[in-house]
Each structure stands twice: as structure tokens, then as C-alpha cells.
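Enquirer: Structure in C-alpha cells, see below.
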Amino acid sequence: MQFDIKDKSLARSGIARIEWADRFMPVLRSIRERFGREKPLKGIRVAACLHVTTETANLMRTLKAGGAEIRVCASNPLSTQDDSAASLVKDFGIATFAIKGEDKKTYYAHINAALDMNPHITMDDGADLVSTLHTSRRSQLENVLGGTEETTTGVIRLKSMEMDGVLEYPIIAVNNANTKHLFDNRYGTGQSSIDGILRATNILIAGTTFVVCGYGMCGRGTAARARGAGANVVICEVDPLRALEAVMDGYRVMPVQEAARIGDVFVTVTGDTHVLRAEHFKVMKGGAIVCNSGHFNVEIDIPALRKMSKKVKKAREFVECFQLRDGREINLLADGRLVNLAAAEGHPASVMDMSFANQALCAEHMAKNHKKLEKKVYDVPEKIDRWIAKLKLDTMGVKIDRLTKEQERYLSSWSLGT
Ligand SMILES: NC(=O)c1ccc[n+]([C@@H]2O[C@H](COP(=O)([O-])OP(=O)(O)OC[C@H]3O[C@@H](n4cnc5c(N)ncnc54)[C@H](O)[C@@H]3O)[C@@H](O)[C@H]2O)c1
């Protein structure tokens with residue numbers, strides 16, 4: 001078995017943490033048990049490009065239990081947990097290509113190593129497998145049955161491929177499942193982004209002016225958790241509906257240029273580029289902390305910040321202090337990469353339980369139904385989404401009401417009124 005990881009001897013810590021995460025992933029575990037009996041992925045080769053974490057390890061175990069042959073690589077150069085990668089190789093026999101802090105060349109070498117297996121199914125977080133297959137490895141496209149995509153940014157890339165008529169195989173947008181983006185993006189990114197900021201800086205959030213750029217699912221979660229920790233939260237948006245929602249949720253809303261003058265901490269979660277740039281750095285307070293939790297490290301214009309600085313020094317692990325010519329300092333966390341994954345451990349397992357249950361079931365759905373699907377981006381089938389919600393509630397011991405026959409009739413009839 002081929003692999004490229006930091007150090008196999010880290011597996012002992014990896015397996016302990018993977019098993020700990022598994023305790024909080026009952027939905028995925030129940031799928032793993034069924035997959036073990038039914039082997040729905042027998043003979044299917046899956047290339048996965050995901051954050052290589054304990055939760056991802058449990059997803060890989062599940063696919064393997066289902067009979068799949070797997071190769072996994074990192075979807076971000078900084079998000080790999082080296083001990084999880086070691087355990088994937090040593091304890092679970094899964095070909096893994098991921099090293100925390102890998103450079104761009106190694107990152108793409110790892111993507112190519114995963115694709116060397118000639119996959120039937122691609123499982124992406126950010127669409128890097130899909131884009132590599134569609135550019136430099138086109139001859140392999142004919143073997144691919146379909147794919148899945150984990151995140152908002154990847155879905156946006158894939159939809160634009162579909163619109164341009166260049167997408168060569170069907171993809172299920174796992175991100176769009178309600179049991180994914182309403183929970184993982186909001187509660188997962190919300191909590192873990194704050195966790196990343198705290199681990200990197202150890203600041204007191206209470207009393208700070210905390211600026212969140214982007215009020216999508218991730219932004220809502222991050223803003224709510226920052227407010228819960230006592231911050232004065234400011235939201236910056238470009239969409240009037242989202243901005244209005246933020247106002248009604250009780251936040252101050254203003255353009256980034258105004259927020260830049262008053263913020264102590266800035267988090268970008270937009271999926272957009274250069275949201276924080278030179279004109280904003282020019283007016284920021286000395287000591288401001290800037291970080292990103294959106295998918296790519298382009299939300300903060302780091303080259304511009306570098307250009308404005310006379311010196312850059314490492315202040316702490318994951319904190320680079322940019323000393324500007326006028327004497328102010330701006331602190332950048334985690335190189336502008338996903339702060340929750342780079343400086344902390346990503347989302348808690350119990351929320352990834354639902355996201356990865358979607359991944360596993362969508363891989364099964366793709367294996368069974370690919371012949372019926374066109375070269376399009378599909379939403380997760382509603383049946384899968386509702387099944388996951390129901391099972392998650394069951395595992396939490398939460399019971400809910402059922403419609404009575406009378407209510408069913410009432411809700412499906414147009415003739416019954418007052
Ligand atoms: N850190 C993580 O673990 C994690 C988890 C899930 C998603 N993501 C990523 O986070 C990003 C956001 O995801 P989401 O699901 O919240 O997306 P979303 O589309 O729901 O929200 C993004 C918001 O940003 C706003 N926006 C766009 N450009 C802006 C700008 N220049 N200034 C201010 N606001 C702007 C949009 O109007 C939108 O409301 C994506 O890149 C996604 O892939 C990260």
C-alpha cells in the first residue's frame with residue numbers, strides 16, 4: 001500500500017482520538033454496521049480529498065466497511081492531523097497522502113497520488129479532485145461514475161462548471177443537505193472558529209469588537225458564538241437580505257471599511273476573494289487580529305499586507321505579526337487558512353456525524369444510481385436527509401410528534417379552510 005504521511009509512529013495517539021470521535025458519531029456508526037453486512041461499495045474505488053481529521057478517519061472506515069478501495073489526501077495543506085493520518089495507514093490500512101504544513105507542490109502531488117488509483121467516485125471538499133481530473137487528467141474521466149462535494153465553495157465551482165457545460169460526471173452536493181449546512185456550517189464552524197482563535201491567541205473575547213464578514217451559515221454560527229462569549233459583534237455583508245437578517249438578529253451592520261476602524265478581531269467566512277485588503281489594513285487599530293474560516297486562503301489579501309509591512313515575525317504558533325511602516329501591528333492567524341482546522345481541530349465529531357453520514361449514503365446512492373444521473377450537480381435526495389435527521393434525534397433520545405390522520409388530511413387539502 002502506498003502512502004505519504006509525517007510519521008507512522010503517531011498512530012497510537014491517532015487511534016485513541018479516532019475512537020473518541022467515533023463515540024460522538026452514532027449515525028455514521030450505524031451506517032458502518034449496515035455497510036459491513038451489505039457491502040454496497042464492493043469493487044468501487046473512492047478517491048477522497050478531505051480534511052484529514054479523526055472524523056474523516058471514521059468516514060474512511062465506513063467506506064472501507066462497505067467494500068470500497070480508498071485513497072485519501074488532504075483538502076487543505078494545514079488541516080491534516082498527522083496522528084489521524086498515521087492511524088489511517090497503520091490501523092485501518094487506508095492509503096493516505098497528507099502531511100500538515102505541506103507545500104503547494106506536495107499538496108498537488110498528494111492529489112495526483114489519490115487520483116492514480118483511477119477512481120470510480122470522487123469525494124471532494126473544495127472540488128480540487130474534480131478540477132484536476134477535468135484539466136490535467138482528462139483520460140481518466142471515462143472511468144468516473146460520479147462524485148460528492150462537501151463544501152459551499154466546491155458547490156459554487158461545480159455549478160459554474162455545469163453552467164459552462166464542462167462538467168463530465170454527476171456530483172451530489174452534500175453541502176446542500178439540510179443535515180449538513182444548517183448544522184455543520186453553522187454550529188460546527190461557529191464553535192470551532194472561535195476555538196481556533198482562542199487556541200492561537202488566548203485572547204479574552206468578552207468586550208472585543210468582533211467583526212464577521214459574511215452572514216451565511218458559517219457567519220451566523222461564528223457571530224452567535226462570539227456574542228455568546230461577550231463580544232460586540234459587527235457584521236459585514238454584500239447581500240441585502242442577509243444584511244437585513246443580521247440587523248434583525250441584533251447585530252450592527254456596516255461596510256468593511258467602517259468596521260475596519262473599530263474591530264479588534266476580524267473573521268472572513270464569505271467564500272469570496274480579498275474581502276479584507278490594503279484599504280482596510282490601512283485603517284485598522286494596532287494589534288488587530290485577522291483570520292479566515294472560509295474555504296480558500298484568498299479572503300484576506302495577504303500579499304498586500306506583506307507589501308505594507310516592514311517586518312513579519314512569528315508571535316506564537318499560528319500567529320504572524322505584521323509590523324507596518326507606521327508602527328502598527330496586524331496579527332494574521334494560520335496563514336489565512338481555515339482557522340478552525342489549522343489552529344484547532346475542526347468541527348466537533350457530533351456535527352460531522354451528520355455531514356459524513358450524508359457522504360457515506362451519497363457514495364452508496366451514486367454507486368447504485370449513477371446510470372440514471374446526468375452530468376449535473378444534484379442535491380442530496382430528501383429521503384437521505386430526513387433519515388439522517390430522524391436517526392440523529394433518536395440517538396440524542398429526542399422524540400417528536402407525528403401528524404394525526406386528521407392533520408395529514410388538513411395539510412394536504414386545499415378545500416379545507418376555516
Ligand atoms: N471553516 C470550515 O470548516 C467551513 C465549513 C463549511 C463551509 N466553509 C466555507 O466557508 C465559506 C462560507 O460558507 P457558507 O456556507 O457560510 O456560505 P454562504 O454562501 O451561505 O455565505 C457566504 C456569505 O458571504 C457573503 N459575501 C460574499 N462576498 C462578500 C464580501 N465581499 N463581503 C461581505 N460578505 C460577502 C454572501 O453574501 C453570503 O451571505 C465557504 O468558503 C465555505 O466553503 C468553511
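The values are calculated or read from the model by the stated rules, or taken from the named source; none is laboratory data. This is a predicted model, so every value here is computed, not measured. When we count neighbours, we look across all protein chains shown, and the Cβ atoms used for this are built from the backbone with ideal geometry, even at glycine. Remember, those area values only see protein heavy atoms, side chains included, never the ligands or the DNA or RNA. Shrake-Rupley method; radii C 1.70, N 1.55, O 1.52, S 1.80 Å.
Enquirer: Consider the range 36-69. How many of its residues are in a strand (DSSP E or B), farther than 23 Å from residue 101 by Cα and in contact with a helix residue (DSSP H, G or I) (Cβ under 7 Å, 6 or more places away or on another chain)? So that I can check it myself, show each step before the final result.
Expert: From the range 36-69, those in a strand (DSSP E or B) are 45-50, 69; that's our starting set.
Next, only the ones that are farther than 23 Å from residue 101 by Cα stay: 45-46, 69.
Then drop every residue that is not in contact with a helix residue (DSSP H, G or I) (Cβ under 7 Å, 6 or more places away or on another chain), which leaves 46.
Counting residues in the range 36-69 that are in a strand (DSSP E or B), farther than 23 Å from residue 101 by Cα and in contact with a helix residue (DSSP H, G or I) (Cβ under 7 Å, 6 or more places away or on another chain) gives 1.
Enquirer: Name the pairs whose Cβ atoms lie under 7 Å apart, with the first residue in the range 148-169 and free of Cβ contacts under 8 Å to residues at least 24 places away in the same chain, the second β-branched (Val, Ile, Thr) and in a helix (DSSP H, G or I), and 6 or more positions between them or separate chains?
Expert: Going by the 7 Å Cβ cut-off, there are no qualifying pairs.
Enquirer: Before we move on, is residue 329 open to solvent by 60 Å² or more (accessible area, probe 1.4 Å), modelled with pLDDT under 95 and within 28 Å of residue 292 (Cα to Cα)?
Expert: So residue 329 fails the test.
Enquirer: Can residue 336 be described as open to solvent by less than 50 Å² (accessible area, probe 1.4 Å) and at pLDDT below 95?
Expert: Spelling it out, it is not the case that residue 336 is open to solvent by less than 50 Å² (accessible area, probe 1.4 Å) and at pLDDT below 95.
Enquirer: Next question, about the same structure. Determine which single condition residue 303 fails, assuming it passes every other condition in (1) more than 30 Å from residue 181 (Cβ to Cβ); (2) surrounded by fewer than 22 Cβ atoms within 10 Å (Cβ to Cβ); (3) in contact (Cβ under 8 Å) with a residue 12 or more places away in the chain.
Expert: (3)
Enquirer: Further question on the same structure: Out of 151, 106, which single residue is hydroxyl-bearing (Ser, Thr, Tyr), open to solvent by less than 50 Å² (accessible area, probe 1.4 Å), closer than 26 Å to residue 85 by Cβ and within 20 Å of the chain's Cα centre (by Cα)?
Expert: The conditions single out 151.
Enquirer: Tell me which of these residue 14 doesn't satisfy, since it passes every other one: (1) farther than 28 Å from residue 130 by Cα; (2) open to solvent by 40 Å² or more (accessible area, probe 1.4 Å).
Expert: Every condition holds for residue 14 apart from (2).
Enquirer: Another question, then. When you look at residue 145, is it more than 16 Å from the ligand (Cβ to nearest atom), touching a Lys or Arg at 6+ places or on another chain (Cβ under 7 Å) and either at pLDDT 95 or above or under 15 Å from residue 217 (Cα atoms) (or both), yes or no?
Expert: No: the conditions fail for residue 145.
Enquirer: So residue 295 clears everything in (1) modelled with pLDDT under 95; (2) over 25 Å from residue 188 (Cβ atoms) except one condition, right? Which one?
Expert: (2)
Enquirer: How many residues are under 12 Å from the mean Cα position of the chain (by Cα) and surrounded by 24 or more Cβ atoms within 10 Å (Cβ to Cβ) when one looks only at the range 156-182?
Expert: Number of matching residues: 3.
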